[in-house]
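Visitor: Below is a structure I'd like to ask you about.
All of the numbers you see were taken from the coordinates with simple rules; none came from a lab. Note that this is a predicted model, so its numbers are computed, not measured. Please note: Cβ atoms are built from the backbone with ideal geometry, for glycine as well, and neighbour counts cover all protein chains shown.
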Amino acid sequence: MIEKDIDMTKNKLNILFLLEKIKEPVLELIITKAIIENELMDYFSLKTYLNELEEEGFIRSLSIVDKNHYEIAERGRETLNYFENLM
């Protein structure tokens with residue numbers, strides 16, 4: 001159980017890190033491609049984590065030209081800073 005929670009946390013942090021580094025709203029397809037091609041997680045886990053991160057206020061979903069984009073929210077930046085300061 002603890003290992004599963006650690007994996008979930010790492011995966012969510014990977015998503016936040018990706019969104020932070022890009023610095024602009026990112027098409028969901030680009031996020032999916034980057035995550036899947038680098039074998040960071042499977043598609044269904046990614047979709048679950050994106051939904052959870054949005055519901056929890058760590059990221060925002062935007063509709064731009066009828067396509068779903070994501071960007072990091074202030075709460076997501078604060079979370080990344082917290083973990084960076086631990087290291």
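Visitor: Set the Förster radius R0 to 30 Å, insert the Cβ-Cβ distance between MET8 and ILE64 as r into 1/(1 + (r/R0)^6), and round the FRET efficiency to 0.05. Walk me through the intermediate numbers first.
Guide: Details: r = 28 Å, r/R0 = 0.94.
Given R0 = 30 Å and the Cβ-Cβ separation, E is 0.60.
Visitor: Could you sort the peptides 38-44, 25-31 by per-residue average Cβ neighbour count (10 Å cutoff), highest mean leading? Could you put the intermediate results ahead of the total?
Guide: On the way: 38-44: 11.7, 25-31: 15.7.
Highest-to-lowest ranking by the protection proxy: 25-31, 38-44.
Visitor: Between the alpha-carbon centers of the range 18-40 and the range 45-87, tell me the distance in whole angstrom.
Guide: When both Cα centres are located, 11 Å separates them.
Visitor: Taking H as built 1.01 Å from N, whose amide H comes closer than 5 Å to the amide H of ILE59, not counting residues under 5 places away?
Guide: GLU54, ALA73
Visitor: In deg cm²/dmol and to the nearest 500, what is the mean residue ellipticity at 222 nm of the chain if only DSSP H runs of at least 4 residues count, each as -39500 (n - 2.57), divided by the residue total?
Guide: On the way: 4 runs with 57 residues, N = 87.
-21000 deg cm²/dmol, from helical runs alone.
Visitor: Between GLU56 and PHE83, take the C-beta separation as r, use R0 = 22 Å, and let me know the FRET efficiency to the nearest 0.05. Don't skip to the answer; put the middle values down first.
Guide: Details: r = 16 Å, r/R0 = 0.70.
About 0.90, to the nearest 0.05.
Visitor: Please tell me the relative contact order of the chain in percent, rounded to the nearest whole number, where contacts are Cα pairs under 8 Å and at least six residues apart.
Guide: On the way: 78 pairs, mean separation 27.7, N = 87.
Reported as a whole number, the value is 32 percent.
Visitor: Another question about this same structure. Which of MET41, ASN14, VAL26 sits farthest toward the positive end of the charge dipole of the chain, with +1 on the Cβ of Lys and Arg and -1 on the Cβ of Asp and Glu?
Guide: Result: VAL26, furthest along the dipole toward the positive end.
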